[in-house]
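Written out below as structure tokens is the structure these notes cover.
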Amino acid sequence: MTIFGNKPSEKAEDRWRYQLDQFVNNHQEELAALAWGLFLERGDRDDIMGVDIQPKPHFVHCSREAIEILNRKVDNKIQEILGVVDAHQPEREVLMLGIGNGQLKLILFEPKPSPAICFEQVGEQVSTLLERLEEQLASFIQPVGEETRGRGDAETRG
């Protein structure tokens, strides 16, 4: 039984969502630390961390204002995302927005321990943690076409 789309998609253009889920599951403490560190730097609870898959997976800043503008452009089809942003409690939970292939994926989890304690335990500066996680993210998530191109190259060489 598949619950909430945890099974990898058969379509290559949808695979990034499953890969992002797996990355988040494997890096919850570090992502919580990063989210808390960015929250402390920016001080705005209406801003959230995003992951843009193109051209290469990287972290982005998503302001509530930008999400509102996008919501208007898509005839209020992502209104629920604004509700989740409004209810977000950064001291207890991590909220991320995945962006890829014309799709959005909302990720919300409550880490144990809290984001603030995760930040203390990780013990890295925000910039260092961001850079390290971004490198891991880019090697973990393969944008559409990347996974097949690499295999084809290996086959022609061997």
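Nothing in this text is a laboratory measurement; each read-out follows from the coordinates by a stated rule. Note that this is a predicted model, so its numbers are computed, not measured. Neighbour counts run over all protein chains shown; Cβ positions are idealised from the backbone, glycine included.
Contour minus end-to-end for Leu108 and Gln79, with contour as 0.36 nm per residue of separation and end-to-end as the Cα-Cα distance?
Extra length from Leu108 to Gln79 when fully extended: 8.8 nm.
Restricting to Cα pairs below 8 Å that are 6+ residues apart, what does the relative contact order work out to for region 14-145? Please round to a whole percent.
The normalised contact order for region 14-145 reaches 37 percent.
With charges set only on the Cβ (+1 for Lys and Arg, -1 for Asp and Glu), what does the dipole of region 7-57 come to about its Cα centre, in debye to the nearest 20?
In debye, rounded to 20, region 7-57 gives about 200.
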